[in-house]
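Okay, structure first, notes after.
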Amino acid sequence: MTGLALVDHHVHGILTGELDAAAIEYGLMESTAPPPPGTTAFDTQLGFAVRRWCAPVLDLEPLAPADDYVRRRLELGSTEAARRFLTAAAVDLWLIDTGYQTDAVTTPAEFVTLSGTRSLEVIRLESVAARLVQSGVTAAEYAGAVASAVHDAAASAVGFKTVAAYRGGLALDPARPAPAEVANAADRWLREIDAGAPARLKDQILIRHGIWAALDTGLPLQFHTGFGDTDSRLARSDPALLHDFLLASQPTGTPVMLLHCYPYHRQAAALANLFPHVYMDVGEALNHVGARSAAVLAEALELTPFHKMLYSSDAFGLPELHYLGAVGFRRDIATVTSAFVTDRLWSAADASRVADMIGSVNAQRVYKLGAS
Ligand SMILES: [Zn+2]
């Protein structure tokens, strides 16, 4: 399945400028703190996977030592490394989340130039709200202003993303907040900003207002779940906490995309099985678990209906991650499904059809990419 078509339905840009050795190593970590003295982030499943699979793209032997890898990457420079990895990924379409560290990473246009592959945009709801409160909107205007900004964004974006998991967790009150509640909450937030607080949305009523505004558009709504950085509380990122919200949102029919999910990928699989509007991926995890990635993919495929799983890399910062995600998924889906075929549990034709569904067909259908 080396030529398997892929739509990467959740991905970010790469860091701009020349990266030094520390920045390259930092790019392998979700932690915001440096590794303990005398250790390296290359001594992880992800670090080993970079040495195994990325080294040959830089003309090194597979499993080249980490120091040699970094030396060669610095010698080639960030632009040449990015060009090599992003083109070798051979992804057919990127759906780029433009709301995280926007000033530090490539724009979608720059990313398209480097990769030679087209992209579409996914809009982060909390960024829309933060922009509006800095633009002079009043508390009384806030609810309508968010709704119309989200509605307008839906004309060019293919989906929305929420980081509710990072801003209080996923045990959301499932109800759509009333207009008076939103106005009161907006008033509180505007006063905090006036008093010098950063425009960072964490009020639960306003987060829910954004989520319901996005559901109204009918475009897929992505939720960060599971493994993230230290800002996210892991136990509050379990997608199973969304159960009541999923019951409440089911009548809208708007697709809800559970991103990453690990180590709760089995919970996400159960939700995707139960709710007709719920989809999931194990992007990000497959890169980080390295040599165990086929096992994690197989676990996710225990209960997720095959029309409910999508491919993503969740790559951010280092183009190695965009490459590893793509080649790793093609390898893992072949490994997992060929074992079923060998055991005569699946036909070869079904294995190939399921790989196509997860690789690109499901994304084409759910994000309605045929019309874009
Ligand atoms: Zn992401």
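Please treat every number below as a calculation from the coordinates, not as lab data. Since we're looking at a predicted model, the values are computed, not measured. For neighbour counting, all protein chains shown are included, and Cβ atoms are generated from backbone atoms with ideal geometry for every residue, glycine included.
Here is how the numbers come out for the structure above:
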| quantity | calculated |
| --- | --- |
| Estimated vicinal HN-Hα couplings, Hz - segment 347-354 in sequence order (Karplus 6.51, -1.76, 1.60; Gly, Pro = x) | 7, 4, 5, 5, 4, 5, 5, 5 |
| Burial order of peptide ranges 257-265, 31-39 (average beta-carbon count within 10 Å, highest first) | 257-265, 31-39 |
| Cα gyration tensor, segment 11-84 - rounded (a/c under 1.5), prolate or oblate | oblate |
| Karplus-derived HN-Hα couplings along segment 42-51 (A = 6.51, B = -1.76, C = 1.60, θ = phi - 60°), whole Hz, x at Gly and Pro | 6, 8, 9, 4, 5, x, 5, 5, 4, 5 |
| Order by protection proxy (mean Cβ within 10 Å, highest first), peptides 343-354, 161-172 | 161-172, 343-354 |
| Using alpha-carbon coordinates, inclination of helix 319-342 to the longest axis of the chain, degrees | 70 |
| Extreme residue, positive dipole direction of the chain, given options Ala164, Pro62, His9 (C-beta unit charges) | His9 |
| Phi to ³J(HN,Hα) by Karplus 6.51 cos²θ - 1.76 cosθ + 1.60 over segment 77-88, Hz, x for Gly, Pro | x, 5, 5, 5, 4, 4, 4, 4, 5, 6, 6, 5 |
| Placed amide H near Ile14: partners under 5 Å, 5+ positions off or other chain | Thr106, Gly317 |
| Total charge dipole magnitude, the chain, about the Cα centre, Cβ charges on Lys, Arg, Asp, Glu only, Debye to nearest 20 | 640 |
| Relative contact order (%) - criterion: Cα under 8 Å, at least six apart; region: the chain | 21 |
| Chain lengthening between Arg365 and Arg266 when straightened (0.36 nm per residue, less Cα-Cα) | 33.3 nm |
| Listed peptides 313-319, 199-205 by packing density, highest first (mean Cβ within 10 Å) | 313-319, 199-205 |
